[in-house]
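Undergrad: This structure is in structure tokens; I'll ask about it shortly.
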Amino acid sequence: MLWNWFKKSINKTISQQQENQDQTSQAPERVTVESLKNKLKNIDDIEMKEISIKGEKVFLIYLSTLTKSSTLQDLVLNPLNNIGDATPKEVLKNSTDGDINDLQASLHDIMSGYSVLFFVERDALLKVNTFSVEERSITTAENETTILGPQDSFTESLMTSLSLIKRRIHSPNLKTTLIPMGTETNDTVAVVYMENIANKENVDRVLYRIKNIEYQGFVALPLLKQALEDKPFSPFPQHGFTVRTDYAVESLLDGRIIVMLNGSPEVAILPATFIEMFITTEDHYNRWTTASLIRAIRLGGFFVSILLTSTYVSVLTFHPEMLPPQLLVTLSESRAQVFFPPVLEVLVIEMVIEILREAGARMPTKIGQTIGIVGGIVIGTAAVEAGLASNVLIVLVAVTALLSFIPPNYLMSNGIRFIRYGFIIAGGSLGIYGQAIFFAWMMNHLSNLTSLGSPFMSPVIPRQWTDLLNSVLRAPVNFLVTRSGMSRAKKQLTRPLDEE
Amino acid sequence: MDKGKFKKLNKYHVIFLTNCSLGGMYNFSISHNLSTVGHNLWLIPFIYFILATILLIPMLRLCSHYPSDTLYVINEKLVGKWLGKGVNVLILLYAIFQVASETQLHVRIVQSVTLPNYTILFTTITYFLVMVCIVNGGIKSIARFSMLAFFMTVWMGYYSQWAFGDAIFTHLFPRIEQGVSHWILAMHQGSHTMLGLSLILFYYPYITDQKKAYKHTIIGVLLYILLLLLICIASVVYFSTWQLENLLYPLLNLYQAVELSNVERIENLGITLYIFLSLAKASIFLWVAKKGLDAVLSKHKNKTRHLYILSVVSAFIVAGPIPNTFQRLAYDNWVVYAGYVLFLLPIFLLMLHKIKSRKGSST
């Protein structure tokens, strides 16, 4: 209800702004020397040179920060110098005509790295793509490292990232839709999918959502990804994301849709399931036995991570009778010096871990590591000796912190950390009952989450039973003959069943 | 997600909705409630199953005549608008008291065993907050939660092995020491567990495969009956007749028999996990109540505020200053008899339908 009211008020503001814009907007402005100069004033890296081609007065306009002088020389100036009897369009092989009646489009081209030739007398425009900037080279995925499999990862350049996909899928069915994004940034979003596999409804839904996002500009894909999610208030991410090309290609072949943003090395995978947050591509490179074991540990780790410290709180606060005498004695001795109630003790230590993690993440790598190790040991030991926490709790919190980083999806790790505080407070308030009621809420929330309209908890909420072969446990590759139900793919089989 | 009036419940949803609409927290006291037939009580689940299969026939026959309508709409169509609304109000009250009854039983057991130093207010509020979240997602959300509740709790059947470890299996031999009145009284006292069967009258319009609804409902009932049978047999072989008559919550005592090396007082865990079954059952009734209020106040149009109103009313009945004698009267008598009426109502409505259709064909 609150959300509906919030959306209504936002929509009202947007519609008011649009009305104002409509009132002030005029017909498309025509390109003239004055209008160009006026719009491009105070941009010091704009070059607006007056040249002469066959005696005709021409303005060459480009952005020096996006165009190397050698590129300009090769693609524009040299051909024009050797024009002979040909027309400019004939010598400039990569040129296209610009719309003289659309100043905004011409400005967009210039700001995107095009060199624009404005023929004043003929009132014509010719544009050549001279975009040439330094780009980061293709490197390994630092945050998604694997031992087996390809090591290349996407870069900030959309075209390079797209090329990495196209190097692997040589099919005309691989479709790429480029959409301008951001009212101010005028950047490009790419929607990539396999036309013969991906569900058309899903593709349309992604395109519709992207085209209907009004925003000044997304600086990174994780931001755009949030705008595409079904439930923005959820603590859990509802789409997958990766920087690994093999994972992206595997997702495409499963019928998923990839969303890429120029300037961001991550790609979003839509739709995604809860289980997939605990799966890496390396699971497919491993033997099925190892992969199944590791997946089970990851998923088990999720539940242990959210429940371990809260169980410590609830048992010590409300149900010490549930512990066997020996364990109770050990815990009592451990807590003998601690003057905080268990819930406060856990919250303090959890917060210390959060601070250490945050400090380590923000500092230079070497200092960060030192802070992590020294801080962990020193603060942990000191906290126990000072009577701030029991040594059993230090062990539990350390295990919990480690387990929370097991999921390959970083956003899921963050979600787990947030949820854990809910469990700790619930356990501290109502004991094991509080944990259960919070767990019931969480499971209900997860079961109602959707990713692009499909159940997020698939295959637990079954879309098809064969999904179970590639979920918590991973069957041998020969058994994986169907695409996941989550994809709602056009072609369900990955290969003919009668194949020998 | 999945809100709105369209067919959305698949066979699994129907099976587990039916399963979770039965039993709930009354599983804790079922062996005590059936104890008037002594150690023969384990036979009653079979009778319940037979009765359920029979009672479902008129219910589903009626629903098949009105495949897109809930019982609230059917009432108004067959009985007349105003009389139908009157009946709907009674059903609405029944559903509210069912929600309150299930919640109160749960929070009382939690209070007496798990949180003895707390009043029921805080637990009731948290219980209703979660329930509102579940019901707010619609019947499919409830169905999903019911599936979850089943799998979260079904494994606890493993704990019955401790009861069977100390079992006296001769208790299982049927005896003829009780008369018919004892059997009827036992079935009446234990009937609370089966009253949720009639809820199919409300979620039938949302079932995708309505032709197989009977089969799927029966599977759901059968799953519950098997659980009930397990509880009854474990109680019969573990307790004496005196214990069965005097222990208020025999299932709790069965949990207390569990001996694990690393955890003690496992009943804390058992009661806690039962929150899933309890929430599932109460959520279905709350959804039915919400549909009732929609029918009465807003001409069957979906209004989310009705859910909040009903939750507050139900929570007030549970934790408000209501005399205990009134609560007992409502939960143990009114609700049960209203449940019987709801079982018989489809037969009456079918007759009305027959008369109306005959009149229609003759004119």
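The values are calculated or read from the model by the stated rules, or taken from the named source; none is laboratory data. Bear in mind the structure is a predicted one, so any value in this text is a computation, not a measurement. Cβ atoms come from the backbone with ideal geometry, glycine included; neighbour counts cover every protein chain shown. When the accessible area is computed, the model is the full protein with side chains, heavy atoms only, and any ligands, DNA or RNA have been set aside. Shrake-Rupley method; radii C 1.70, N 1.55, O 1.52, S 1.80 Å.
Undergrad: Within straight cross-link reach of B:Lys281, meaning Cα distance under 13 Å, which aspartates and glutamates are found once same-chain residues fewer than 8 apart are removed?
TA: Of all the aspartates and glutamates, those that pass the test against B:Lys281 - Cα under 13 Å, at least 8 places apart if same chain - are B:Glu102.
Undergrad: Who wins for biggest fluctuation among B:Ile219, B:Ile322, B:Ile125 in a Gaussian network model of chain B, springs between alpha carbons below 10 Å?
TA: Maximum fluctuation in the GNM of chain B, among the listed residues, is at B:Ile322.
Undergrad: Could you run the Karplus curve 6.51 cos²θ - 1.76 cosθ + 1.60 with θ = phi - 60° over the range A:189-195 and give me ³J(HN,Hα) per residue in whole Hz, x for Gly and Pro?
TA: Those phi angles translate into 10, 10, 10, 10, 7, 8, 4 Hz.
Undergrad: A further question follows. Using DSSP to define loop residues, name the GluC sites (Glu not before Pro) in the range A:183-280 whose beta-carbon has at most 13 other beta-carbon atoms within 10 Å. The partial results should precede the final answer.
TA: On the way: sites: A:Glu184, A:Glu195, A:Glu201, A:Glu214, A:Glu229, A:Glu250, A:Glu266, A:Glu276; in loops: A:Glu184, A:Glu195, A:Glu214, A:Glu229, A:Glu266.
Passing sites in the range A:183-280 are A:Glu184, A:Glu195, A:Glu214.
Undergrad: Can you work out the PRE-style zone for B:Tyr340? Point 7 Å along Cα to Cβ, and I want the residues of the range B:192-225 with backbone N under 13 Å.
TA: B:192
Undergrad: Under the rule of at least 5 residues apart or a separate chain, name every residue whose amide H is placed under 5 Å from the amide H of A:Ile257.
TA: Placed amide hydrogens put A:Leu270 under 5 Å from A:Ile257.
Undergrad: Do the sum for the protein assembly as shown: with -39,500 (n - 2.57) for every DSSP H run of n ≥ 4, divided by all residues, what is the mean residue ellipticity at 222 nm, to the nearest 500 deg cm²/dmol?
TA: Working: 34 runs with 475 residues, N = 863.
For the protein assembly as shown, the value works out to -17500 deg cm²/dmol.
Undergrad: Additional query: Just name one of A:Gln216, A:Leu60, A:Phe241: the one whose Cα is farthest towards the positive end of the charge dipole of chain A (beta-carbon charges, Lys/Arg +1, Asp/Glu -1).
TA: Among A:Gln216, A:Leu60, A:Phe241, the one farthest towards the positive end of the dipole of chain A is A:Phe241.
Undergrad: Report B:Glu245's accessible area, 1.4 Å probe, all protein chains in place, as a number in Å² to the nearest 10.
TA: 100
Undergrad: Separate question: Using a 1.4 angstrom probe on the protein heavy atoms only, line up B:Met152, A:Met260 by accessible area, largest first.
TA: Details: B:Met152 45, A:Met260 5 Å².
Listed by decreasing accessible area, they come as B:Met152, A:Met260.
Undergrad: With each label point set 7 Å from Cα along the Cα-Cβ vector, what nm distance links A:Thr290 and A:Val481?
TA: 2.7
Undergrad: Give me a comma-separated list of calculated 3J(HN,Hα) values for the range A:97-114, in order, Karplus coefficients 6.51, -1.76, 1.60 applied at θ = phi - 60°, integers in Hz, x for any Gly or Pro.
TA: 6, x, 8, 5, 8, 10, 4, 4, 5, 5, 5, 4, 4, 4, 6, 9, x, 7
Undergrad: Once phi is turned into θ = phi - 60°, what whole-Hz ³J(HN,Hα) does the Karplus curve with 6.51, -1.76 and 1.60 give for every residue of the range B:321-330, x standing for Gly and Pro?
TA: After applying 6.51 cos²θ - 1.76 cosθ + 1.60, I find x, 9, x, 4, 5, 5, 4, 4, 4, 5 Hz.
Undergrad: Let me ask another. Between A:Thr482 and residues 5 or more places away or on another chain, which pairs have amide H atoms under 5 Å apart, with H built 1.01 Å from N, and which residues are they?
TA: So A:Thr482 has HN proximity to A:Thr494.
Undergrad: Rounded to the nearest 20 debye, what is the charge dipole size of the range A:158-274 about its Cα centre when +1 sits on each Lys and Arg Cβ and -1 on each Asp and Glu Cβ?
TA: Details: 12 positive and 12 negative charges, 48 e Å.
Using only the charged Cβ atoms, the result is roughly 240 debye.
Undergrad: Further question: On the accessible surface of chain A, probed at 1.4 Å, how many percent belong to carbon and sulfur atoms? Mind dumping the intermediate values first?
TA: Numbers: 14470 of 24750 Å².
Heavy-atom surface of chain A belonging to carbon and sulfur, 1.4 Å probe: 58 percent.
Undergrad: Report D for the range A:296-448 in µm² per second (integer): Stokes-Einstein, Kirkwood Rh on Cα pairs, 20 °C, 1.002 mPa s.
TA: My calculation gives 133 µm²/s for D.
Undergrad: Report, in listed order, any pair from A:Lys225/B:Lys8; A:Lys54/A:Lys127; A:Lys231/B:Lys301; A:Lys57/A:Lys127; B:Lys140/B:Lys291; B:Lys299/B:Lys359 with a Cα-Cα distance greater than 22 Å. Please list the in-between numbers first.
TA: Working: A:Lys225/B:Lys8 29 Å; A:Lys54/A:Lys127 18 Å; A:Lys231/B:Lys301 25 Å; A:Lys57/A:Lys127 16 Å; B:Lys140/B:Lys291 14 Å; B:Lys299/B:Lys359 27 Å.
Long pairs (Cα-Cα over 22 Å): A:Lys225/B:Lys8; A:Lys231/B:Lys301; B:Lys299/B:Lys359.
Undergrad: Also: Provide B:Ile47, B:Ile57 ordered by accessible surface of protein heavy atoms (probe 1.4 Å), highest first. Each step should come with its number before you reach the end.
TA: Details: B:Ile47 55, B:Ile57 90 Å².
Largest accessible area first, the list is B:Ile57, B:Ile47.
Undergrad: Here is a follow-up. For A:Lys89, give me every one of the aspartates and glutamates with a C-alpha distance below 19 angstrom, ignoring sequence neighbours fewer than eight places off in its own chain.
TA: Of all the aspartates and glutamates, those that pass the test against A:Lys89 - Cα under 19 Å, at least 8 places apart if same chain - are A:Glu50, A:Glu56, A:Asp74, A:Asp97, A:Asp99, A:Asp109, A:Glu121, A:Asp123.
Undergrad: Okay, moving on. Using only the heavy atoms of the protein chains and a 1.4 Å probe, how would A:Leu308, B:Leu78 rank by accessible area, largest first? Could you put the intermediate results ahead of the total?
TA: Working: A:Leu308 50, B:Leu78 10 Å².
Order by accessible area, largest first: A:Leu308, B:Leu78.
Undergrad: Which aspartates and glutamates have a Cα less than 15 Å from the Cα of B:Lys81, not counting those fewer than 8 places away in the same chain?
TA: B:Asp69, B:Asp294
Undergrad: Shifting gears a bit: If amide H atoms are built 1.01 Å from N in the plane of the peptide, which residues on other chains or at least 5 residues away come under 5 Å of the amide H of A:Gly98?
TA: The list, which skips near neighbours in sequence, is A:Leu125, A:Leu126, A:Lys127.
Undergrad: State whether the protein assembly as shown is rounded, prolate or oblate according to the following rule on the C-alpha gyration tensor (a ≥ b ≥ c being the square roots of its eigenvalues): a/c under 1.5 gives rounded; otherwise a/b larger than b/c gives prolate, and the remaining case gives oblate.
TA: Numbers: a/c = 2.48, a/b = 1.73, b/c = 1.43.
Prolate shape, in that a/c is at least 1.5 and a/b is the bigger ratio.
Undergrad: Would you mind counting up the charge near A:Trp288? Only other residues with Cβ under 12 Å from its Cβ, with Lys and Arg at +1 and Asp and Glu at -1.
TA: Numbers: positive: A:Arg287, A:Arg295, A:Arg474; negative: A:Asp283.
With Lys, Arg at +1 and Asp, Glu at -1, the neighbours total +2.
Undergrad: In 10 Å bins starting at 0, how do the alpha-carbon pair distances of chain A split up by percent?
TA: 3, 15, 21, 21, 18, 12, 6, 3, 1, 0, 0
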